[in-house]
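The values are calculated or read from the model by the stated rules, or taken from the named source; none is laboratory data. This one's a predicted model, so the numbers in the text were calculated from it and none came from an experiment. Here the Cβ positions follow ideal geometry from the backbone for every residue, glycine too, while neighbour counts run over all protein chains shown. Remember, those area values only see protein heavy atoms, side chains included, never the ligands or the DNA or RNA. Shrake-Rupley method; radii C 1.70, N 1.55, O 1.52, S 1.80 Å.
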Amino acid sequence: MIFGPCYHEKVISSETPKSAHDGYRFDRFEVWPRNGLLLRDQKRIRIEELPLQLLLVLLESPGEVVSKETLRSRLWSDRIFGELDNGLHVAAAKLREALGEKAGAARYIETIRGRGYRFNGKVEPVSNSASAKAPDIVASNAGAALDSAPPDISELPSRQESIQAEVRARVHPRRVGALSLLLLFVVTAAALFFYRHQRSPLVSGSDEVVLGGFTNDSGDDSYNGLGHAFRVKLEESPYLNLMPGQNLLQLVPEPASASLRQLLKGCASLGGKVLITGAIMARPPGYEITTAARNCADGSLLTSQTAKAGSRETVLAALDQATDQLRKRLGEPGASLERFNVPLAQATTSSLAALRAFTLGEEKRANGQEFEAIHDYKLAVDLDPQFALAYARLGTIYSNAAEMTQSSFYYQKAFDLREHTTDRERLYIAAHYYSISGQIRRTIEAYELWRSLYPRDSSPYGNLAIQYLDLGQPEKAASVARTAAQLDAASSLSQATLARVYLETGEQGQLRTLCSNAQGRKGDSAMLHASCFLLAFLQNDEAAMEAQIRWSRGNTAESELLDDVAWVAMYQGKLNSGRRLFAQARRAALAQGFSELAATVDVDEATLEAEFGYAREAHTLSLDALRLAPDNVNIQALAALALGRSGDTALAESTAAKAAAQAPLDTILNDAELPSIQAAIQMQKGDPQAAIQALERARPYDACSALALAPAYYRGLAYQNAGHTDKAAAEYRSVLEHRAMVPDSPYIPLAALQLSRALRRLGDSAGAAKAEREVEEAWLHADPDFLPLRQYQSNHSELSRAPQNR
């Protein structure tokens, strides 16, 4: 089993801060915190959670400057790390938008440069009275709050004065006044219509926007990477509600070469309101960039923006200009455009060749060819060593392949260059960097900030779900995993995460449906197929298990799935089959050049060999793993655990110390794995009390997937050796109660075996018999010489021959 990192961190809720009052009134507005309502003239105004929180904090102290530090503490409970300060800016921009304020002409929300924000206006708190009840809301168009104010009539064209004079000269004086008023009305209405048409937003923040293709009509293939740059520029906007790119790809596989009719049909099928496209054309001596937005329903052109590039060197700048104009015309507020507007040459790369290589990697990755994309991303960073996002993609791929040393190297490079990216990409880089270095608090902070700034982006939700799953908290993972799947149903990560949630929460029917839908689909991840394999294992469906194994053959994820298949074989006591499968997984990893993945396979097998009593094999495999991955902290920790369990306490201690020195900030290593290693060593030394004491630190991580339920099992052994049989039984029961977290964990049948012995000592024959049936069921098809089975049969025979009390 390829373990991922596990985390245990109390995440502070982002609920609306508690207010000292039931509500507030100012001018034409009312705010009701308990209901999460912002009203204007008794009509509800659409506002997101974070801007509403900001307004409530400011309303508590009207006329006073509230510092940025105070606002960060109140809104995020000190969870935000320093370099990502844009949360306040975007919240303030969205709050001003909801209140109908214009950029540079704030009436209520004033920015105090370098200090914070201040609410200007008279505020009436509402508390503890009948009037404190939130009124019934009349449904209204939230966009009404964003309507632009009409222009000053004095600014209309003075042409009307000359027209009026001409009319007075030709028309009877008694009709002059009436005609003048009529003409004034017509001119004013026409000007006002034109003004509103030009200034009113074409889309609201909730309208679904589909990004179609970016067409290269220049005749130069080096511009084929501009489509990715176009998407980066649009994804940077927190205002636009862009649908995930995978959704359109399922309907239109090649958007860049598809016809407009095909794109509009796909947009309409997805329920989109607006289709955005782009193109580059040769216009000697330079180029012309065009961006356009069309109504998905009828194909009518809503707006088109054009920018010219005088040379190859200014193409990216022209794309910047045309896209910025498009965002503005679609309705994005000026404050948002100003804040979220990193030049493309900085956000991506100034090298068109590097951009094209990166785009090829993105296309392969989107089609499930993640490992095949490595070459393209490496070419991208060779062409532009400052390409931060390309380094981050390499870090992600190597992390998924359990190549943690290379992953750490590339994430470090990306993190060092993170200022050369958009805010969204910076959050992606920061979250993954903190995750690979084991900094739990900062990892969760980054994902929480990411989803607060980009609430319609599925990525932070899916990654948060994985954190909670690794923590052993599937119920908490379920809500964010479902949100991720709703936001991006086509994402392989969303589907794989949801599959694991279904597995760990026991929703086997839902998982079965998901696995059936995944048959033959491109881009599925190994995590999804591993969940489907474990479902088939739990349901004793040999044909379904074989189907998942067939999927992996010749696949770049073959080694990962074979490792899972080997775990199941060992769980069942099929020792020889398990060893053969581990060997196949090891060879597959090495054939792909993934030595650390091969080392992971080695320590997985070493752990199982040690727990089942094969000390010599465990020792050899641990040394092999350390040779293949001498600098991998995860390998060092798991090898130390296997060495401790197999009796080489000196090498276990030195290996664990090396891991601790390399990763002092890694929470799971220092608070879960090292205590488990220390407990294994102390039990070998015959000091169960010291083992119990060491394991108390690991108790919050008992269900953590990285340790496969080992801490509770070790604690049970220690209590049993210390003579606390009742406490030992409770720990063994805990292992069995959490079996859904790691269904193929070897500690499940081993805990059932130890529980049966403990219950017999406690005089619970019925409970002991039940536990024994579970052992026999697990090892029904075990090899005859499987050591734990032979020991169980021997003990059982002795019990059956023992005289019974009458």
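Criterion applied to 459, 437, 452, 479 was being under 11 Å from the mean Cα position of the chain (by Cα) and surrounded by fewer than 24 Cβ atoms within 10 Å (Cβ to Cβ), and the one residue passing it is 459. Within the bounds of region 723-738, is there any residue that is open to solvent by less than 30 Å² (accessible area, probe 1.4 Å), among the charged types (D, E, K, R) and without any contact (Cβ under 8 Å) to a residue 60 or more places away in the chain? Checked against the condition, which is being open to solvent by less than 30 Å² (accessible area, probe 1.4 Å), among the charged types (D, E, K, R) and without any contact (Cβ under 8 Å) to a residue 60 or more places away in the chain, region 723-738 yields at least one hit. Taking region 188-205, which residues are open to solvent by 40 Å² or more (accessible area, probe 1.4 Å) and at pLDDT below 80? Selection gives 189, 190, 192, 193, 194, 195, 196, 197, 198, 199, 200.
Tallying residues that are farther than 17 Å from residue 372 by Cβ and crowded, with 21+ Cβ neighbours inside 10 Å within region 396-407 yields 3. The criterion of at least 3 residues that are of a type in the set (A, V, I, L, M, F, W, C) and within 20 Å of residue 560 (Cβ to Cβ) is met by the following helices (runs of 4 or more DSSP H) wholly inside region 397-480: 458-471. Scanning region 293-302 for residues that are assigned to a strand (DSSP E or B) and open to solvent by 10 Å² or more (accessible area, probe 1.4 Å) yields 294, 295, 301, 302. The residue that is least open to solvent (accessible area, probe 1.4 Å), counting only those in region 262-287 that are among the hydroxyl-bearing types (Ser, Thr, Tyr) and within 31 Å of the chain's Cα centre (by Cα), is 277. In the set (1) on the phi < 0 side of the Ramachandran plot; (2) within 32 Å of the chain's Cα centre (by Cα); (3) open to solvent by 50 Å² or more (accessible area, probe 1.4 Å), residue 620 fails one condition alone, (2). Looking at this structure, is residue 615 in contact with a Gly (Cβ under 7 Å, 6 or more places away or on another chain), surrounded by fewer than 24 Cβ atoms within 10 Å (Cβ to Cβ) and not aromatic (Phe, Trp, Tyr)? Taking the combined requirement at face value, the residue satisfies it. Residue 700 passes every criterion in (1) open to solvent by less than 40 Å² (accessible area, probe 1.4 Å); (2) in contact (Cβ under 8 Å) with a residue 60 or more places away in the chain apart from (1). Just so you know, in region 320-356 the residues that are of a type in the set (A, V, I, L, M) and open to solvent by less than 10 Å² (accessible area, probe 1.4 Å) include one that is nearest to residue 224 (Cα to Cα), and it is 355. Scanning region 533-572 for residues that are under 20 Å from residue 779 (Cα atoms), within 28 Å of the chain's Cα centre (by Cα) and either of a type in the set (A, V, I, L, M) or open to solvent by 40 Å² or more (accessible area, probe 1.4 Å) (or both) yields 534, 535, 536, 565. Is at least one residue of region 307-319 open to solvent by 30 Å² or more (accessible area, probe 1.4 Å) and touching a residue at least 60 places away in the same chain (Cβ under 8 Å)? For region 307-319, residues open to solvent by 30 Å² or more (accessible area, probe 1.4 Å) and touching a residue at least 60 places away in the same chain (Cβ under 8 Å): absent. Condition test on residue 585, is it touching a Gly at 6+ places or on another chain (Cβ under 7 Å), open to solvent by less than 40 Å² (accessible area, probe 1.4 Å) and among the hydrophobic types (A, V, I, L, M, F, W, C)? Criteria not met by residue 585.
The residue that is farthest from residue 443 (Cα to Cα), among those in region 648-666 that are open to solvent by 40 Å² or more (accessible area, probe 1.4 Å), of a type outside the set (D, E, K, R) and free of Cβ contacts under 8 Å to residues at least 40 places away in the same chain, is 650. Of the strands (runs of 3 or more DSSP E) lying entirely inside region 64-157, none contains at least 2 residues that are out of contact with any Asp or Glu (no Cβ under 7 Å at 6 or more places or on another chain), at pLDDT below 75 and open to solvent by 60 Å² or more (accessible area, probe 1.4 Å). The numbered conditions (1) buried (at least 21 other Cβ atoms within 10 Å of the Cβ); (2) on the phi > 0 side of the Ramachandran plot; (3) not acidic (Asp, Glu) are all true for residue 421 except (2). Inspect region 235-248 for any residue being over 30 Å from residue 93 (Cβ atoms) and open to solvent by 10 Å² or more (accessible area, probe 1.4 Å) and give the result as yes or no. Scanning region 235-248 turns up no residue that is over 30 Å from residue 93 (Cβ atoms) and open to solvent by 10 Å² or more (accessible area, probe 1.4 Å).
Yes/no matrix, rows are residues, columns are (1) modelled with pLDDT of 90 or more; (2) among the hydrophobic types (A, V, I, L, M, F, W, C); (3) touching a Gly at 6+ places or on another chain (Cβ under 7 Å):
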| position | (1), (2), (3) |
| --- | --- |
| 214 | yes, yes, yes |
| 229 | no, yes, no |
| 238 | no, no, no |
| 243 | no, yes, yes |
| 254 | no, no, no |
| 264 | yes, yes, yes |
| 269 | yes, no, no |
| 291 | yes, no, yes |
| 295 | yes, no, no |
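Can you tell me how many residues in region 294-306 are out of contact with any helix residue (DSSP H, G or I) (no Cβ under 6 Å at 6 or more places or on another chain) and either of a type in the set (Gly, Ala, Ser) or in contact (Cβ under 8 Å) with a residue 40 or more places away in the chain (or both)? Of the residues in that region, 4 qualify. Scanning region 482-496 for residues that are outside any loop (DSSP other than H, G, I, E, B) and open to solvent by 10 Å² or more (accessible area, probe 1.4 Å) yields 482, 483, 485, 486, 487, 492, 493, 495. Annotation note: of 689, 678, 720, 682, the sole residue that is surrounded by fewer than 17 Cβ atoms within 10 Å (Cβ to Cβ) and not in a loop (DSSP other than H, G, I, E, B) is 689.
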